[in-house]
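In what follows, a single structure is set out as structure tokens and then discussed.
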Amino acid sequence: MFPNIPKGTRDFSSIEMSKRNYLVQTIRKQFELFGFDSIETSSIENISTLVGKYGEEGDSLMFKLLHSGNFLKKRIFDFLKKIENNKNVDHIVKFFTEYMSNKALRYDLTVPFVRYVVMHQNEIIFPFKRYQIQPVWRADNPQKGRLREFYQCDADMISFSWSLWEEIELIQLCDEIFTQLNFPIIIYINHRDVLGGLVEIAGIENDLWKNFTTSLDKWNKIGRDLVKKEMMNKGISSKSFDKVSFFFDMEENFYNKKKHLTIALQDSEKGKRGIRDLSFIYKNIKNISLQNTKLEWNLSLARGMNYYTGTILEIVPFHNRSFISIGGGGRYDKLANLFGMNNISGVGISLGLDRIYLAMEQENLFQTISNCSSKVLFINFGNEEVLYAYKIIKFFRRKGISTQLYPNTDKIGKQFRYANKNNIPFVISIGKNEINKNKIKMKDMQKKTEKEYNHVNDVVNLLMKKL
């Protein structure tokens, strides 16, 4: 049987890994320049840690793990005895799921991070700034840009007090990352309190808030009419929808939107608080300025995660607004409460490594990235020549020049073809001739020129300039 891999997962070639590593290095460098420290959390979490934090859809997409070994056998045996006389299929499925599993693969990096903070609160110095670059898993329907296993790159700040300068820092961080990647972006911004104010004036009951935001978040994906239909199916009246739909269609700039909303939300304390927060961010971002980023108020942005409480952000490519988001985030002030730690506020940004890769591939932004980490190949003439060359190979590596030795004495032409196929830019030949003359012969594979050098330092200096 021909081998394959599970649906929604993928392997990466060395060429793809060169590009992915470039992205990770760029993102990590900026995370660290902005003062974030690296941590890692377990791939497996207790289900109790994850369930109820992402909404119904999130809970349904969680990869739950069955108990294993003899414990699983015992559980199955006990389970079958308990359901022997039960004919209710839904009850059996629910009971089976709860009985057979108490662990799951992590769904995102934010909830495990807050769990980590609560567990290590006595060791952490607050405000705490951390970053993580790790895989997460979702049992989603696989399609382009939507995998079941994918990498997130998160940067979060958590403290016992909060400041809107944290949001400004995150926007600046994203701007710097995507400037370094030469990839212009739009950051959509909104505020949960502004949405809360609109819910108030629309007369939508509190227990329908989640239904409202879940459907609203699809505004730019499926359009006004389908959003309205979905909301009505979830119990939100046509009259309520019509009271606020005007705001989600507005294409005006921030200040005109603010003017309309200030009037509409004048009796909503929640709504006014959201407008104040966004005004502070806009005013100060304008004074600091952004390089490769446009900040845009998108009133239909709601984001699906249940834990957001304040500002919310979403990132899309500037030249392709219809592309799926490549990142998002926001403020979560009550998430730690669910783990028994009160009065702590968090805000963060999450970048989707796989989606950034896909978007940059579409825009041909990886052209300057080498497909091979090796910069120099040493030709293998035999044991005696290799032993002589090895002193130079070690010297190159200590100088930070990625160097490899061809492993056996194949024909010289085959060894040069290997360098060509792997885009190795320089090939060094040290045969008996070169040893007798105390020379180093190096070929520039791109220019197809070959030259002899007297000293290893001359070669190193030349390589350091060119690589």
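The values are calculated or read from the model by the stated rules, or taken from the named source; none is laboratory data. In this text, all values refer to a predicted model and were calculated from it rather than measured experimentally. Every residue, glycine among them, receives a Cβ derived from its backbone with ideal geometry; neighbour counts consider all protein chains shown. What goes into the accessible areas is simple: the full protein's heavy atoms, side chains included, and nothing from ligands, DNA or RNA. Shrake-Rupley method; radii C 1.70, N 1.55, O 1.52, S 1.80 Å.
Assorted remarks:
- Sole residue being of a type in the set (Asp, Glu), loosely packed, with under 13 Cβ neighbours inside 10 Å and either more than 39 Å from the chain's Cα centre (by Cα) or at pLDDT 95 or above (or both), chosen from Glu450, Glu434, Glu361: Glu450
- If the condition is being assigned to a loop (DSSP other than H, G, I, E, B) and either open to solvent by less than 20 Å² (accessible area, probe 1.4 Å) or hydroxyl-bearing (Ser, Thr, Tyr) (or both), then region 251-292 contributes Leu265, Ser268, Ser289.
- In region 419-431, the residues that are at pLDDT 95 or above and surrounded by fewer than 16 Cβ atoms within 10 Å (Cβ to Cβ): none
- Region 296-326, residues that are in contact with a helix residue (DSSP H, G or I) (Cβ under 7 Å, 6 or more places away or on another chain) and β-branched (Val, Ile, Thr): Thr309, Thr311, Ile312, Ile315, Ile324, Ile326
- Residue in region 323-344 that is farther than 25 Å from Arg138 by Cα, in contact with a Phe, Trp or Tyr (Cβ under 9 Å, 6 or more places away or on another chain) and open to solvent by 10 Å² or more (accessible area, probe 1.4 Å) present: yes
- Asn383 fulfils the conditions (1) more than 30 Å from Ala302 (Cβ to Cβ); (2) in contact with a Pro (Cβ under 6 Å, 6 or more places away or on another chain) except for a single criterion, (2).
- Residues being open to solvent by less than 80 Å² (accessible area, probe 1.4 Å) and part of a loop (DSSP other than H, G, I, E, B) - total across region 115-146: 9
- The set of residues from region 50-66 being under 18 Å from Gln134 (Cα atoms) and either outside any loop (DSSP other than H, G, I, E, B) or open to solvent by 50 Å² or more (accessible area, probe 1.4 Å) (or both) comprises Leu50, Phe63.
- The set of residues from region 157-215 being open to solvent by less than 10 Å² (accessible area, probe 1.4 Å), of a type in the set (Gly, Ala, Ser) and either touching a helix residue (DSSP H, G or I) at 6+ places or on another chain (Cβ under 8 Å) or in a helix (DSSP H, G or I) (or both) comprises Gly196, Gly197, Ala202, Ser215.
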